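Undergrad: Next up is a structure, given as structure tokens.
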Amino acid sequence: MLFSPKFTLGMVAYLHEMIADHFSMISELYVDEVTGIPLKPKHHVIIHFPTIIMQSGPLVGMSCMHYEFKKFL
């Protein structure tokens with residue numbers, strides 16, 4: 001869904017809800033007050049994806065995955 005070429009407002013709202021659910025499950029499962037295991041920065045960055053999509057458009061044009069793949073060939 002993140003690399004969809006077009007987004008509607010409903011898709012962005014659904015993405016926001018999916019990310020919120022994912023974040024709450026990760027926090028519930030892995031973040032413990034006793035051990036104090038912090039979340040990785042990528043978990044914070046994911047929260048901003050709906051805003052980035054609304055401001056800059058689809059993420060498919062911003063991906064560097066193609067260039068990263070060429071490193072391994």
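The values are calculated or read from the model by the stated rules, or taken from the named source; none is laboratory data. What you see is a predicted model; the values in this text were computed from it and never measured. Because the Cβ atoms are built from the backbone with ideal geometry, glycine has one as well, and the counts that use them run over all protein chains shown.
Undergrad: Could you please let me know if VAL60 is aliphatic (A, V, I, L, M), assigned to a helix (DSSP H, G or I) and at pLDDT below 80?
TA: Numbers: aliphatic (A, V, I, L, M): yes; assigned to a helix (DSSP H, G or I): yes; at pLDDT below 80: yes.
Yes; evaluated as a whole, the condition is true for this residue.
Undergrad: Ok, one more. Do you know which residues across region 4-18 are in a helix (DSSP H, G or I) and in contact with a Pro (Cβ under 7 Å, 6 or more places away or on another chain)? Lay out the reasoning, then the answer.
TA: First pass over region 4-18, keeping only residues in a helix (DSSP H, G or I): 9-18.
Across region 4-18, the qualifying residues are VAL12, LEU15, HIS16.
Undergrad: Can you name the residue in region 1-57 that is at pLDDT 85 or above and charged (D, E, K, R) and is also farthest from the chain's Cα centre (by Cα) among such residues?
TA: Result: LYS6.
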